[in-house]
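The values are calculated or read from the model by the stated rules, or taken from the named source; none is laboratory data. Computed from a predicted structure; not experimentally measured. When we count neighbours, we look across all protein chains shown, and the Cβ atoms used for this are built from the backbone with ideal geometry, even at glycine. Please note that ligands, DNA and RNA were not included when accessible areas were found on the heavy atoms of the full protein model with its side chains. Shrake-Rupley method; radii C 1.70, N 1.55, O 1.52, S 1.80 Å.
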Amino acid sequence: MTEIQQKGKKAKQAGFDMTQLTTAEKNDALLFISDQLLIDQEDIIEENKKDLLYGKEKGLTESVLDRIMLNKKRIEDMSLSIKQLIELEDPIGLTLEEITKENGLKIVKKTVPIGVMGMIYEARPNVTVDAATLSIKTGNAVLLRGSSTAAYSNQAIVKSIHRALEKSVLPLDAVQLIEDTSREAAKELFHLKEYLDVLIPRGGKNLIDTVVQEATVPVIETGAGNCHIFIDETADKNMAISISLNGKTQRPSVCNAIETILFHEVWFNEHGVELLTALKNKGVEIYGDNKVCSAFAEAKKATEEDWYTEYSALKISVKMVGNVEEAIQHINQYGTNHSEAIITSDEKNAALFLAKVDAAAVYHNASTRFTDGFEFGYGAEIGISTQKLHARGPMGLKALTSTKYLIYGDGQIRQ
């Protein structure tokens with residue numbers, strides 16, 4: 001039996017052992033983890049420095065290095081987010097439906113843990129904490145597999161989590177890390193159907209596509225964010241500029257940052273150069289279609305590939321369209337079903353956009369940067385699902401549950 005199979009088997013057993021945990025027991029474990037991360041923060045930061053050095057030697061971009069980087073403030077934020085998670089309602093054991101049949105048979109539908117979750121993710125060591133703590137709160141065991149770019153950080157965080165779990169009634173095997181970051185190990189995880197109930201990839205489009213195409217374990221797609229803003233003819237100038245700058249520059253490395261701006265031609269002719277200049281002054285490289293390049297000399301010519309690209313950097317593609325229908329068509333062709341926005345004063349166009357754009361989160365006159373479990377009031381998030389089953393959008397606690405029917409009788413048989 002390989003290391004991954006052994007850890008999968010242990011996770012399966014841990015999942016069974018966690019079915020009877022009380023809310024208080026789970027919250028106690030979470031509080032221990034919150035405190036332990038602060039106790040161990042110097043050790044975690046030292047290990048994180050090794051990942052950053054390795055990343056620089058490999059030539060990783062600044063945006064990827066920013067995802068990997070941990071400091072005192074980020075670890076304190078992790079600790080605080082766990083305490084906020086403790087305050088949220090336990091989603092396990094809730095009665096969703098209750099039916100009493102004429103023959104006296106009582107049918108009760110309740111929420112239960114999924115069982116064992118596999119997480120495969122890139123760069124971000126904060127996902128290690130989010131996945132572990134959300135799993136614990138929902139009574140799930142989790143098998144973590146991070147990337148080589150954050151290997152030292154992930155190992156240090158899981159060691160800290162295990163120190164905390166030793167103080168609790170939870171099994172240590174509730175949270176396990178696969179330290180082998182090879183492709184072979186990843187492929188083995190894709191097929192660990194005997195032990196995993198679901199596999200959740202969190203990272204770039206290439207990772208997610210690979211998992212979806214190769215895995216035999218059920219997959220929830222998360223993360224890839226080729227997000228757009230459409231600035232309609234009637235958009236308020238100041239609002240459009242403010243939202244565009246926020247969506248692109250506030251934190252360009254995240255999946256809910258915008259990658260394309262679609263301009264209504266009329267709006268662009270009046271205000272487009274001003275907006276593009278504001279983006280350029282923030283260090284954004286602009287890739288435009290022929291019309292944009294003609295009007296803004298510093299724009300580079302966009303290729304077909306640019307419309308598909310999630311830059312995760314200070315780059316943006318820009319295109320002019322004739323109406324809201326053309327904008328919708330472009331988004332549905334090139335987008336990743338993540339987060340899309342329209343800036344408009346036309347309620348009819350807004351309603352059309354909200355209805356016809358196929359994405360998990362669709363905004364009217366607001367930044368796509370709000371697509372986040374914390375911002376939606378879910379506490380931490382396991383990821384942002386871009387599919388329609390079994391969850392969609394920011395995945396908080398409720399998305400990590402399944403249901404179970406409990407049937408109570410006194411000797412009934414079917415006639």
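At-a-glance table
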item: Among the candidates Ser385, Ser402, Ser367, residue that is more than 14 Å from the chain's Cα centre (by Cα), of a type in the set (Gly, Ala, Ser) and closer than 17 Å to Val198 by Cα; result: Ser402
item: Of all residues in segment 253-270 being open to solvent by 10 Å² or more (accessible area, probe 1.4 Å) and of a type in the set (A, V, I, L, M, F, W, C), the one that is farthest from Gln333 (Cα to Cα); result: Val266
item: Residue match in segment 226-233 (condition: on the phi < 0 side of the Ramachandran plot and open to solvent by 10 Å² or more (accessible area, probe 1.4 Å)); result: yes
item: Identity of the residue in segment 102-124, over 24 Å from Ala14 (Cα atoms) and among the β-branched types (Val, Ile, Thr), that ends up least open to solvent (accessible area, probe 1.4 Å); result: Val108
item: Cβ-Cβ under 9 Å pairs, at least 6 apart or on other chains, segment 67-83 side within 14 Å of Ala380 (Cα to Cα) and among the hydroxyl-bearing types (Ser, Thr, Tyr), far side open to solvent by less than 30 Å² (accessible area, probe 1.4 Å) and in a loop (DSSP other than H, G, I, E, B); result: Ser81/Gly379; Ser81/Ala380
item: Sole exception among (1) over 30 Å from Gln412 (Cβ atoms); (2) loosely packed, with under 14 Cβ neighbours inside 10 Å; (3) not acidic (Asp, Glu) for Ile99, by number; result: (1)
item: Selection count where residues are free of Cβ contacts under 8 Å to residues at least 24 places away in the same chain and of a type outside the set (Gly, Ala, Ser), scope segment 338-358; result: 3
item: Count - residues of segment 312-344 that are assigned to a helix (DSSP H, G or I) and not polar (S, T, N, Q); result: 8
item: Filtered residues of segment 359-412 (kept if open to solvent by 60 Å² or more (accessible area, probe 1.4 Å), touching a residue at least 24 places away in the same chain (Cβ under 8 Å) and in a loop (DSSP other than H, G, I, E, B)); result: Phe374, Tyr378, His390, Arg392, Asp410
item: Members of segment 277-309 found to be open to solvent by 50 Å² or more (accessible area, probe 1.4 Å) and charged (D, E, K, R), listed by number; result: Lys280, Lys282, Glu285, Lys291, Glu298, Lys300, Lys301, Glu304, Glu305
item: Conditions (1) open to solvent by less than 10 Å² (accessible area, probe 1.4 Å); (2) farther than 30 Å from Thr277 by Cβ; (3) modelled with pLDDT of 95 or more: number failed by Leu172; result: (1)
item: Scan of segment 15-30 for residues that are open to solvent by less than 30 Å² (accessible area, probe 1.4 Å), farther than 20 Å from Gln84 by Cα and either part of a helix (DSSP H, G or I) or free of Cβ contacts under 8 Å to residues at least 40 places away in the same chain (or both), ordered by number; result: Gly15
item: Condition check for Ala235: at pLDDT 95 or above, touching a His at 6+ places or on another chain (Cβ under 9 Å), under 28 Å from Pro394 (Cα atoms) and small (Gly, Ala, Ser); result: yes
item: Positions within segment 31-62 being in a helix (DSSP H, G or I), under 30 Å from Glu310 (Cα atoms) and open to solvent by 20 Å² or more (accessible area, probe 1.4 Å), in sequence order; result: Ile45, Glu47, Lys49, Lys50, Leu52, Leu53, Tyr54, Lys56, Glu57, Lys58, Glu62
